[in-house]
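The values are calculated or read from the model by the stated rules, or taken from the named source; none is laboratory data. This is a predicted model, so every value here is computed, not measured. We place every Cβ from the backbone using ideal geometry, glycine too, and count neighbours over all the protein chains shown.
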Amino acid sequence: MINLVRDLNPDVLVVAGDVFDQRRPPDDALALFHDTLNRLLELGTIVIFLSGPLDDFRALHLGARWVREAGIYLFDDATQVLSPLSFRGARDEFEVKAWCLPYPTEGEEHPALSGRNLVEKVVQRLDPSQVNLFLGYAWSQGSGRRAEFGRLVQPGGQPLEHRLLDFFDLSALGGRHEPLKLDGPNAYYSGSLLCYEPQAEQTNRSVTFYDVEGKNRLYVENFTLRSRRSLKVLDGSWEELMEQGRQLRNDDLIVLRSEEENLTPEQRADLRILGPNIVSVEFPSPLLEEEKSTESGLPALVHTFKKFVRESTGDELGEDALQLLLELEKDI
């Protein structure tokens with residue numbers, strides 16, 4: 001990515017959410033982040049960060065006064081989308097309006113619905129004669145369901161319809177791990193630089209480059225990247241995991257999923273030191289085991305709640321309440 005910035009010399013670089021996959025990243029990851037950020041600023045590019053569901057800019061040490069002076073723009077309040085960021089490219093005679101929507105975290109509305117309502121207000125405010133860009137951490141129609149937006153929004157009730165994105169000259173979106181061009185509007189998901197999800201082969205890692213030469217004159221190009229490490233999931237018994245782990249490259253990221261719950265402390269320790277990049281070691285869920293043992297065939301969560309009511313009150317869960325729980329579980 002650094003080489004691409006050096007070669008393409010963009011005016012602005014946008015990180016559209018999910019700067020990190022956890023609220024408090026470890027110190028070595030934070031040091032690498034700031035080193036990369038300094039290299040980008042030395043190359044003369046403005047950097048825009050949109051916060052994702054887990055991003056906390058204060059934890060990333062980006063809350064100081066020097067940030068804006070250095071050319072870094074932070075968006076972590078969804079209402080900031082109502083005040084566009086205006087900038088002019090070094091080689092351009094026209095101005096660009098960037099409407100920046102981070103992941104909505106405040107308010108009584110569901111985040112996805114809150115984001116849609118804010119974008120509707122933006123559409124009412126923008127000047128269609130200007131170059132308008134929408135930069136957003138947003139789940140758009142045609143992009144598939146995103147777990148971050150929760151299960152209250154069902155397929156068919158997408159929060160950002162194509163009709164909203166059609167008002168922008170370009171929509172650069174975050175919230176998907178793989179790149180995607182949406183049908184209809186000039187709307188693109190860049191995907192993530194690194195792998196968050198287990199895959200056999202690392203593909204579709206890319207940086208999306210937008211060349212805006214004026215109103216209705218926009219060119220898009222994807223530059224494919226290859227991850228230095230693969231994230232792989234290994235399933236099996238302790239013996240199988242040990243054997244598979246020895247055959248992997250040292251730079252692979254590994255998730256180990258044991259089929260056996262009752263391993264000795266020594267065996268668990270062997271799994272954790274199997275490689276230098278063990279992401280996690282997972283064991284069978286007690287809920288799954290409990291579900292297998294239930295004669296009623298109830299889903300695990302419903303069975304557990306029924307047991308909780310019995311132990312807490314001494315009474316059985318009523319039939320009406322049980323049916324309601326089963327309906328809710330089915331919707332989930």
Worksheet, complete the sentence: If we ask which residues in segment 1-20 are in a strand (DSSP E or B) and out of contact with any helix residue (DSSP H, G or I) (no Cβ under 7 Å at 6 or more places or on another chain), their number turns out to be 4
Worksheet item: List, please: which pairs have Cβ atoms under 6 Å, are six or more places apart or on different chains, and start with a residue in segment 59-80 that is in the same structural domain as L135 (by TED's automatic domain parsing) and end with one that is of a type in the set (G, A, S)?
Response: D76/S51
Worksheet entry | Selection count, segment 215-230, where residues are part of a strand (DSSP E or B) and either basic (K, R) or farther than 29 Å from L8 by Cβ (or both) | 1
